[in-house]
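FYI, it's all coordinate maths here, none of it is from the lab. Everything quoted here is computed from the prediction, not taken from an experiment. Cβ coordinates were reconstructed from backbone atoms using ideal geometry, including for glycine residues, and neighbour counts include every protein chain displayed.
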Amino acid sequence: MFNKYSDVLKKLLKLWQNTPKHYEGKILGSMTTYPHPLAIYAYNLFIHTNYSDPVIFKTIKVMEKELIEGLNTLYQGEGHGFITSGGTESNFLALLSAYRNKGTRENVVIAPDTVHVSVDKACYIMGCRVVKIPTNNKPVKISVLEEYIRKYKPYAIVITAGTTERGLIDPVKEAAEVAYNTNTYLHIDAAYGGLLIPFLYKHGYLNQDLLFYEGISSISVDFHKNGLTPIPSSIILFSEEKYIEHICFETNYMLSNKTCGLLGTRPGASVAAMWSMWKYFGFKGFEKLSLKLIDIAYKLYNGLRTINGIYVYEPILPIIVFKHYEIAYDSLLLKLLEKGFYLYKSPSLSALRIVVMPHMTLEHVKIFLDTLREILKSYINKY
Ligand SMILES: *Cc1c(COP(=O)(O)O)cnc(C)c1O
């Protein structure tokens, strides 16, 4: 028996009402944001398209090409791009491509211990071994990276430009040099930091840039993080065409005779959304956005510093990591949850984490700080 259209709609709207929205200012830990209206429009317009079929949907390829050109100007490289569903798929594809180019190297991937969990996932599925370099939550030391490469002869190295827990940036340029000299595949995971670092570097917030240096084999950048596009939308740029060929498989029933990447049918709409945001914002727009985010992050940082008992780490990217000297971070997390605030954790630092994403405003910061003060007051009253 069918339900009435209007009944389904009513239930749908009810569920929607009970779903938190970023612009309400309570989603503070997630690296997601509310997509830009133009990106939503573009996504809806191209809702029927399949990125896996570049023969039927040639216009998607046109947008993809222009997007890649834009990113190549940003990173001053000549990358060959492939659209993915996110940083997870990109990390997977980087390792897959590297693996198929592995030669006589060991079935080992080397990464600082701050690397994203998707690298563990990929290696679990692909049967590689991830050797982690202990970093004590600092950017990896180049001499140590070199030592590990000599010792383990990995087929790939993954470093991160903007780690998930703390926003650390591994030394990209120096690692590229090492990768070049040892002829090792180097993947830069810039899922979070890719659309921030070049601009924040330009304005003196960071001491290193993110460019497509010689020695880098791939860079991945999420658009559904700081690019304001709907989920899923992300891109991986490879230094050579052959690396894309490594992620493609013969698929005889398709008009293109091949499919690439991890997924089969997948949204061409993502490409349209990414293209729109790139065209609309451009350099200047993303630069302005990055500056807005770091400004809010510093205001939040300074606000937290005035609260008794709170320790807060100085921001690198717009990620604020803090803890209380006496209250366990997970119990503070629960208290904040009770008040409707969604923060994430930085378990490696036993701390809480806020990511300042494009939807966040100074008003949100103020309300959060007031709530935190109130919670801490109730703790004091109790003991
Ligand atoms: C977010 C993130 C990922 C995972 O990306 P998804 O889009 O969630 O798949 C990987 N690496 C880093 C550094 C990230 O910040």
### Where N is the number of residues in the chain, Cα Rg divided by 2.2 N^0.38 Å
1.03
### Task
Would you mind checking which residues have amide H under 5 Å from VAL130's amide H? H placed 1.01 Å from N; only 5 or more apart, or other chain.
VAL109
### Summary
For SER234, the residues 5 or more places away or on another chain with a placed amide H closer than 5 Å to its own amide H are THR84, GLY86, PHE223
#### Entry: In Hz, Karplus ³J(HN,Hα) per residue of region 222-235 (6.51, -1.76, 1.60; θ = phi - 60°; x = Gly, Pro)
7, 8, 7, 9, 8, x, 6, 9, x, 6, x, 8, 7, 9
#### Entry: In order through region 321-333: 3J(HN,Hα) via Karplus (6.51 cos²θ - 1.76 cosθ + 1.60), integer Hz, x for Gly, Pro
10, 8, 8, 9, 4, 10, 9, 4, 5, 6, 6, 5, 4
### Query
P(r) of region 266-321 in 10 Å steps, Cα pairs, percent per bin?
22, 30, 24, 17, 6
### Query
How long, wide and thick is region 1-120, going by the Cα atoms along their three principal axes, in whole angstroms, largest first?
62, 39, 37
### Query
Relative to the present Cα-Cα distance, how much length would full extension add between LEU337 and LEU291 at 0.36 nm per residue of separation?
13.7 nm
### Task
Return one quarter of the surface area of the convex hull spanned by the alpha-carbon atoms of region 97-166, equal to its mean projected area, in nm².
4.7 nm²
### Query
Amide H to amide H under 5 Å from LYS258: which residues, 5+ apart in sequence or cross-chain, H placed 1.01 Å off N in plane?
THR251
### Task
Quick one: order PHE2, PHE223 by neighbouring beta-carbon count within 10 Å, fewest to most.
PHE2, PHE223
### Query
Rounded to the nearest 500 deg cm²/dmol, what is the calculated helix-only ellipticity per residue at 222 nm for the chain, with -39500 (n - 2.57) per DSSP H run of length n ≥ 4?
-14000 deg cm²/dmol
### Query
Taking neighbour counts of Cβ atoms within 10 Å as a proxy for exposure, in what order, fewest first, do HIS187, HIS359 appear?
HIS359, HIS187
### Task
May I ask you to sort ARG266, ARG150, ARG105, ARG373 by Cβ crowding, counting other Cβ atoms within 10 Å and putting the fewest first?
ARG150, ARG373, ARG105, ARG266
### Query
Among the lysines, which have Cα under 19 Å from the Cα of LYS288 when same-chain residues fewer than 8 positions away are ignored?
LYS202, LYS225, LYS279, LYS299
#### Entry: 31 Å Cα-Cα threshold exceeded, pairs from LYS242/LYS345; LYS102/LYS173; LYS61/LYS138; LYS132/LYS339; LYS284/LYS339
LYS242/LYS345; LYS61/LYS138; LYS132/LYS339; LYS284/LYS339
### Query
Separation of region 100-141 and region 186-212 by C-alpha centroid, Å?
21 Å
